[in-house]
Each structure stands twice: as C-alpha cells, then as structure tokens.
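See below for the structure under consideration.
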C-alpha cells in the first residue's frame, strides 16, 4: 500500500498555530476552536484529504480525517470552521 501523500496531523497542528498567529488571533481564544486543513493530493491513493482539529485546553485533537476519491470542490488550505 502506498504511503499517504497528505500533511500529517502534527504538521497540520503546527501550520494552524502559525496561521492563527499570523492573523492576530490570540492563543487565549483558541480553546474550543475547530480548524480545517484541506488539500488536494493528485496522483496519490486519495485525490484530496480534509483534516479537522479542535483545540481542547492546551492541545490540538484530531476530530476528523476525510480521505476523498475526488479533488476538492472548494478552496484548499486552512480555515476556521467553529
């Protein structure tokens, strides 16, 4: 079976923190926040992958990994979903 071609959760968590800081979102407001990372992975086992992480206390927890057979319909990258 081929290796995964998408970003792994620890990388998504690091990117999310950098992304939130770059947007001026204070760390004190992160608890309860859900951040989504979506990316296309053409030619890989899956055509796209969406990972949701939620800030619980001082840690990020993966709440969803959606591996999709089709490319994304919407934008790739990070977004706050809750």
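Read the figures in this text as sums done on the coordinates, not as results from a lab. As the structure is a prediction and not an experimental result, all values here were calculated from the model. In this analysis, Cβ positions are derived from the backbone assuming ideal geometry, glycine residues included, and neighbour counts consider all displayed protein chains.
Taking Cα atoms only, the orientation of helix 9-22 departs from the longest principal axis of the chain by about 50 degrees. Shown here is the pair-distance distribution of the chain: with all Cα-Cα distances grouped in 10 Å bins from zero up to the longest one, the shares run 19, 49, 25, 7, 0 percent.
Nearest 500 deg cm²/dmol is fine: what mean residue ellipticity at 222 nm does the chain get from its DSSP H runs of n ≥ 4 alone, each adding -39,500 (n - 2.57), divided by its residue count? Working shown, then result.
On the way: 1 runs with 14 residues, N = 82.
The helix-only estimate for the chain comes to -5500 deg cm²/dmol at 222 nm.
Modelled this way, with points 7 Å down the Cα-to-C-beta line, the labels at residue 59 and residue 28 are 2.5 nm from one another.
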